[in-house]
Amino acid sequence: MIHFLMKRLLSIIPVLLGISLLLFFMLRMLPGDPAQVLAGQMASPEDVRIIRIQMGLDQPLYIQYGVFLKRLVHLDLGVSARTQNPVIQEIWARLPNTILLALCAITLACLFGIPAGVVAAIRPYSWIDYLVTLASLFGISMPVFWLGLMLMIVFSITLQWLPAGGIGTWKHLVLPSITLASFVVAFIARMTRSCMLEVLSQDYVTTARSKGLKEKVIIVKHALKNALIPIITVVGLQFGLLLGGAVLTETVFAWPGLGRLIVDSILARDYAMIQGSILIFGLLYTLVNLLVDMTYAFVDPRVRYD
Amino acid sequence: MNRSEPPLLSVRNMITSFHTHDGIVNAVNGIDFDIFPGETLGLVGESGCGKSVTAMSVLRLLNPSSATTLGEVIFKGENLLDMTPEKMRLIRGSEISMIFQEPMTSLNPILTVGEQIAESLRLHEKLDQEKAWEKAVQMLKLVQIPSPEIRAGQYPHKLSGGMRQRAMIAMALCCSPCLVFADEPTTALDVTIQAQIIRLLDHLKKGSNMSVVLITHDLGVIARMAARVVVMYAGKVVEEAPVVPLFHDPRHPYTRGLLNSIPVLKNDGQTRLTEIPGIVPNLLHMPEGCSFHPRCSRVMDICTKKSPPMVHFMENRRAACWLVSDE
Ligand SMILES: Nc1ncnc2c1ncn2[C@@H]1O[C@H](COP(=O)(O)OP(=O)(O)O)[C@@H](O)[C@H]1O
Ligand code: SF4
Ligand SMILES: [Mg+2]
């Protein structure tokens, strides 16, 4: 297990290198000049030239990349052109918010999505199955910002139960979590339903029935536990996406997370900031994947990492 | 076998139909048979003739949303088909149990072998955790699995096919049922393992008073274990007889065909003598008259028009064929 873990952790390095390389050159193919953005519309060409030299943008690309890599080794992600703060500090300030929101959303999604999928699979094509299908359809197709705004209008403005935005108490978490979870809950419910249907048709479920076990035991102990193996993969992937895909929710609810930081940085052509935050995403994503693979070993006795 | 006693299980005019996209299919089409305490009944017929569906119908294991079973299944004086689901559930595994064909897929991959036996014991025998585990280990020993204490704690993927089938047998027998359906228990196994499993079943059977319904298309297995044989074709019983008369003097042309296709050992290994020509009829388009007539070498005029009635003869034999009726 330890050996496997070390190997996987080491393998993150080339992945991040790949991301950084792709990112670095793609960013620089974008139209727009960061020095110009930083200097402002009114700046003279001379000012822009000086800023460009200060930022090292006058060097050839491969040298710029080399400098970037050299700093990266020392865990230095550079300085944000927009705020003049170290990138790592900016990210560090927002990362906990992003992770908190994503954790709340994925927990909500599992709490509702898995039971909904199970119930639908137990009685396929019954009214309850159709209800779950319909609700999932809504969840999957509803635009996030629209849902966010509706929730805000109902619960913050009309009923005044919950704050409309910002961060602070658990109350601030409720609406953004629900908004962010809506798609994922639907996705997990669909996935659980199909996995359960598949598992319920397996021979070992018939064996369990032939032993006279209670239906509840058959569903939970014999079927769901087997169905969880593919569900865990989906939950892990969705969690990874939630970490980076919360831009709209963060914008609607003024949630100070990483998603908005990236968007703001892209608009400002803040290269260092974009590179830094996307690299952190890459790192988180690969770590989540590793976590998923490790959970397999606990759920599925056929999986052994030695 | 004790025939002075009333039968343990009586199946009367049982019909099981599936609702499929192409229409209603009668996989079991009005069958009758009895099982007496302590006997081994062979249920034979080509693949697809309704043997598994028969067993699954008796145990009510078919999905009620796609299958309906009509008729009567009288077990210890009660009709299983009328029983509440809860009462039926308590009979499964404790009084009637089943051994399935596929040892590879019939065990739950994420539960230990011991747990899969122990959970039955906790449920039906009300044993506590520890006692149930001990008994599970004992059962594994009984089915001759080496180092049963270790095997009990292992997951099914660590066991070979033959060992899994032994575990499956242990699971089916752990609560001492009085009736066991063994649905092709050896078909999925290697030939040498097959013989071992049959020997084991025979051995376990001899030490108890349970009744066994041995489902197979292998007449060699029947000859070895069964006392009485019911031959099925296309969802119906076509012949029934004690094993010796059946082998020496089969009356139904289908039974004759089956006996002729028993593999005999030749110099070059196993070869089939003859196959019954033709194929099993499509249940959606059953031939008129005797359902075997398109494949029967002795077909007569009447066979294509009227279905032959079941005729009882010689005290304990019966067959449904116009040849028998004419005698
Ligand atoms: N779930 C099902 N839905 C529709 N048809 C089925 C189903 N299960 C079995 N059948 C049909 O019933 C017939 C008998 O099947 P089965 O009892 O499994 O045969 P066998 O004698 O080989 O055990 C077959 O023709 C099969 O196609
Ligand atoms: S009834 Fe006729 S067709 Fe059917 S088995 Fe007998 S002889 Fe053959
Ligand atoms: Mg079968």
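Okay, residues lined up against (1) modelled with pLDDT of 90 or more; (2) within 14 Å of chain B (Cβ to nearest Cβ); (3) open to solvent by 30 Å² or more (accessible area, probe 1.4 Å):
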residue	(1), (2), (3)
A:Pro163	no, no, yes
A:Thr169	no, no, yes
A:Ile178	yes, no, yes
A:Ala186	yes, no, no
A:Met196	yes, no, no
A:Ser201	yes, yes, yes
A:Glu215	yes, yes, yes
### Task
Would you be able to say whether some residue in region B:133-144 is open to solvent by 40 Å² or more (accessible area, probe 1.4 Å), touching an Asp or Glu at 6+ places or on another chain (Cβ under 6 Å) and either within 24 Å of A:Asn226 (Cβ to Cβ) or within 13 Å of chain A (Cβ to nearest Cβ) (or both)?
no
### Query
Just wondering, is there one or more residues in region B:96-107 that are at the interface with chain A (Cβ under 9 Å from one of its Cβ atoms), among the charged types (D, E, K, R) and part of a helix (DSSP H, G or I)?
no
### Task
Evaluate region B:172-182: report whether one residue or more is within 16 Å of ligand 3 (Cβ to nearest atom) and in contact with a Lys or Arg (Cβ under 6 Å, 6 or more places away or on another chain).
no
### Count - residues of region A:1-31 that are farther than 30 Å from A:Phe298 by Cα and open to solvent by 100 Å² or more (accessible area, probe 1.4 Å)
3
### Message
Looking at region A:248-270, can you tell me whether even one residue there is among the aliphatic types (A, V, I, L, M), in contact with a Pro (Cβ under 9 Å, 6 or more places away or on another chain), crowded, with 18+ Cβ neighbours inside 10 Å and over 29 Å from A:Leu57 (Cβ atoms)?
### Response
yes
### Query
Got a sec? Which of B:Ala172, B:Ala195, B:Ala188 is over 18 Å from B:Met139 (Cβ atoms) and within 12 Å of chain A (Cβ to nearest Cβ)?
B:Ala188
### Query
Exactly one of (1) under 21 Å from B:Leu123 (Cα atoms); (2) in contact with a helix residue (DSSP H, G or I) (Cβ under 8 Å, 6 or more places away or on another chain); (3) open to solvent by 70 Å² or more (accessible area, probe 1.4 Å); (4) more than 9 Å from chain A (Cβ to nearest Cβ) is unmet by B:Lys87. Its number?
(2)
### Query
Quick check: is even one residue across region A:85-103 over 30 Å from A:Arg28 (Cα atoms) and either open to solvent by 30 Å² or more (accessible area, probe 1.4 Å) or of a type in the set (Asp, Glu) (or both)?
yes
### Task
Please tell me if B:Val53 is under 12 Å from the mean Cα position of the chain (by Cα), buried (at least 20 other Cβ atoms within 10 Å of the Cβ), within 14 Å of ligand 1 (Cβ to nearest atom) and within 14 Å of chain A (Cβ to nearest Cβ).
yes
### Message
Consider region B:213-233. How many of its residues are within 16 Å of ligand 3 (Cβ to nearest atom) and either of a type in the set (A, V, I, L, M, F, W, C) or in a helix (DSSP H, G or I) (or both)?
### Response
9
### Selection count where residues are more than 10 Å from B:Ser97 (Cα to Cα) and either assigned to a helix (DSSP H, G or I) or out of contact with any strand residue (DSSP E or B) (no Cβ under 6 Å at 6 or more places or on another chain) (or both), scope region B:170-209
25
### Task
Given the conditions (1) of a type outside the set (A, V, I, L, M); (2) within 16 Å of ligand 1 (Cβ to nearest atom); (3) at pLDDT 95 or above, report the number of the one that B:Asn282 does not fulfil.
(3)
### Task
Please work out which one of (1) within 18 Å of B:Thr16 (Cα to Cα); (2) more than 14 Å from chain A (Cβ to nearest Cβ); (3) more than 14 Å from ligand 3 (Cβ to nearest atom) is the condition B:Gly77 fails and give its number.
(1)
### Task
For residues that are over 18 Å from B:Asn108 (Cα atoms) and either within 14 Å of another protein chain (Cβ to nearest Cβ) or open to solvent by 30 Å² or more (accessible area, probe 1.4 Å) (or both), tally how many sit in region A:285-306.
9
### Query
Is it the case that some residue within region A:25-42 is more than 26 Å from A:Tyr285 (Cα to Cα), assigned to a helix (DSSP H, G or I) and among the β-branched types (Val, Ile, Thr)?
yes
### Query
If only one of B:Thr105, B:Thr68, B:Thr112 is farther than 19 Å from B:Val180 by Cα, within 12 Å of ligand 1 (Cβ to nearest atom) and open to solvent by 10 Å² or more (accessible area, probe 1.4 Å), which one is it?
B:Thr68
### Message
Just to be sure I understand the filter: pairs with C-beta atoms under 8 Å, separated by 6 or more residues or on different chains, first member in region B:13-30 and within 14 Å of chain A (Cβ to nearest Cβ) and in contact (Cβ under 8 Å) with a residue 12 or more places away in the chain, second member more than 16 Å from ligand 3 (Cβ to nearest atom) and part of a strand (DSSP E or B). Which pairs pass?
### Response
B:His19/B:Thr68
### region B:33-49 residues that are under 13 Å from B:Thr216 (Cα atoms), paired with ones that are in a strand (DSSP E or B) and aromatic (Phe, Trp, Tyr) (beta carbon under 6 Å, 6 or more apart)
B:Gly45/B:Tyr233; B:Cys49/B:Tyr233
### Query
Going through region B:75-117 one residue at a time, which ones are under 17 Å from the mean Cα position of the chain (by Cα) and farther than 13 Å from B:Cys174 by Cα?
B:Phe75, B:Phe100, B:Gln101, B:Glu102, B:Pro103, B:Ser106
### Of all residues making up region B:304-318, the number that are open to solvent by less than 100 Å² (accessible area, probe 1.4 Å) and of a type outside the set (S, T, N, Q)
7
### Message
Name the residue that is farthest from ligand 3 (Cβ to nearest atom), counting only residues in region B:32-73 that are small (Gly, Ala, Ser) and closer than 20 Å to B:Ala188 by Cα.
### Response
B:Gly42
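The values are calculated or read from the model by the stated rules, or taken from the named source; none is laboratory data. Here the structure is a predicted model, which is why all the values come from computation and not from measurement. Counting neighbours? That spans all protein chains shown, and the Cβs are built from the backbone with ideal geometry, glycine included. Areas reflect the complete protein model, heavy atoms only, side chains present, ligands, DNA and RNA absent. Shrake-Rupley method; radii C 1.70, N 1.55, O 1.52, S 1.80 Å.
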